[in-house]
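Below is one structure, written out as structure tokens, with a few remarks after it.
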Amino acid sequence: MLIVKIELHSAVTGQVTTIAAGKIVNTGTGSPSQGNYRIELRDAAGRQWKAGHIEGFPRKRLLAWDLLYRALGRLVGHRNPTPDSLAFCDLPAERQQQPTQGASHENASAQSEGHPQAP
């Protein structure tokens, strides 16, 4: 079982608060090379927020990060559209704001470093 926690660490008090948690559990129904997993995502109060399955994950070839990426894609999807996503085109014009000066600077930095996802 994999446990994923999102914790808020206060810079002021040092208090640590779990604000979300998730479990990725092997169902035992896969093969040695392909795993099947049950996913549960919970909110800060521990209530189930989303649940689902990943089947046929190539566990010998990919990493735990890849499994987490697929789990989030399956359960959360594209909730936060960006200017380069298809969902952004569906937003009302007033929500399609131009990037701020800082955002364009970040893109320029990523592009100059050869970042594969830079526009």
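Please treat every number below as a calculation from the coordinates, not as lab data. Predicted model only: the values in this text are computed from it and were never measured. Don't worry about glycine lacking a Cβ; one is built from the backbone with ideal geometry, like all the others, and counts go over all protein chains shown.
Structural remarks
- Estimated inter-spin distance, residue 25 and residue 61, nm [label 7 Å along Cα→Cβ]: 2.8
- For region 2-77, pairs of C-alpha atoms spaced more than 16 angstrom apart make up 53 percent of the total.
- Across region 56-71, rounded Karplus estimates of 3J(HN,Hα) from the backbone phi angles (6.51 cos²θ - 1.76 cosθ + 1.60, θ = phi - 60°) give x, 6, x, 5, 7, 9, 10, 9, 4, 4, 5, 5, 4, 4, 5, 4 Hz, Gly and Pro being marked x.
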